Amino acid sequence: MTITAVWPISSEQDPNAGDSMTITDPGEIETLVSRLSESTAGAATVWHEGRELADTDTQMHDHDVMALVAEGYGYLSYIDADHDYAVLDGDPASPAWNGEDVDFPKGSGVSPETLAEALREFLDSGERPESVEWQPAEW
């Protein structure tokens with residue numbers, strides 16, 4: 001199985017800076033989480049290459065997954081045709097994070113290790129991870 005992650009990089013020199021990673025080996029997930037932990041990394045859009053496209057003409061995916069590491073917490077959101085938009089039910093002490101493409105409410109952050117576990121499961125199954133608890137979220 002394969003997932004691809006693409007994320008913006010905050011840079012004064014290049015307002016369009018970004019990075020990406022394509023992962024086929026579960027051992028590479030720790031590298032992704034580490035790279036998302038960098039202070040200049042933004043929230044990553046993550047898609048599973050093994051899933052059907054929702055629209056082949058536009059290449060639109062049938063799922064929307066965002067991953068982030070900020071202030072020592074990992075954040076993950078998920079939506080597809082079978083699941084309403086949700087974020088992780090995390091540590092109540094985790095702060096909210098507001099970005100351009102996604103907002104994570106207070107209490108939706110988990111340890112980076114838990115985020116890595118969820119992403120490994122997503123890589124393996126292509127489905128919403130069941131190893132973590134989810135809570136409904138607003139767009």
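The values are calculated or read from the model by the stated rules, or taken from the named source; none is laboratory data. The structure displayed is predicted, hence computed values, not measured ones. Counting neighbours? That spans all protein chains shown, and the Cβs are built from the backbone with ideal geometry, glycine included.
Suppose we keep only residues that are in a strand (DSSP E or B) and polar (S, T, N, Q) within the stretch 73-112. Which one would you say is surrounded by the most Cβ atoms within 10 Å (Cβ to Cβ)? If you could, list the steps in order and put the result at the bottom.
Just the residues of the stretch 73-112 that are in a strand (DSSP E or B), to begin with: 73-80, 83-88, 91, 97-98, 103-104, 109-110.
Checking the rest, the ones that are also polar (S, T, N, Q) come to 77, 98.
Details: Ser77: 23, Asn98: 8.
Result: Ser77.
Filter the stretch 49-72 for residues that are more than 10 Å from the chain's Cα centre (by Cα) and modelled with pLDDT of 95 or more; which is surrounded by the fewest Cβ atoms within 10 Å (Cβ to Cβ)?
We begin by selecting, within the stretch 49-72, every residue more than 10 Å from the chain's Cα centre (by Cα); these are 49-63, 70-72.
Now restrict to residues that are modelled with pLDDT of 95 or more: 70-72.
On the way: Ala70: 20, Glu71: 10, Gly72: 12.
So the residue we want is Glu71.
Can you tell me which residue in the stretch 14-30 is nearest to Thr40 (Cα to Cα), limited to those that are surrounded by 13 or more Cβ atoms within 10 Å (Cβ to Cβ) and of a type in the set (Val, Ile, Thr)? Steps first, answer last, please.
Pass one, the stretch 14-30, residues surrounded by 13 or more Cβ atoms within 10 Å (Cβ to Cβ): 17-19, 21, 23, 26, 28-30.
Narrowing the set further to residues that are of a type in the set (Val, Ile, Thr) leaves 23, 29.
Values: Ile23: 21, Ile29: 19 Å.
Going through the qualifying residues, I end up with Ile29.
Looking only at residues that are among the hydrophobic types (A, V, I, L, M, F, W, C) and more than 18 Å from Gly126 (Cβ to Cβ) in the stretch 2-13, which one is surrounded by the fewest Cβ atoms within 10 Å (Cβ to Cβ)? Walk me through it before giving the result.
Start the filter on the stretch 2-13 by keeping residues that are among the hydrophobic types (A, V, I, L, M, F, W, C), which leaves 3, 5-7, 9.
Subsequent filtering for residues that are more than 18 Å from Gly126 (Cβ to Cβ) retains 7, 9.
Details: Trp7: 23, Ile9: 14.
Looking at residues that are among the hydrophobic types (A, V, I, L, M, F, W, C) and more than 18 Å from Gly126 (Cβ to Cβ), I get Ile9.
Determine, yes or no, whether Ala44 is touching a Leu at 6+ places or on another chain (Cβ under 7 Å) and under 20 Å from Trp7 (Cα atoms). Break it down stepwise before answering.
Working: touching a Leu at 6+ places or on another chain (Cβ under 7 Å): yes; under 20 Å from Trp7 (Cα atoms): yes.
Yes, satisfied.
Filter the stretch 105-139 for residues that are under 22 Å from Thr22 (Cβ atoms) and among the aromatic types (Phe, Trp, Tyr) and give the result.
Residue satisfying the conditions is Phe122 alone.
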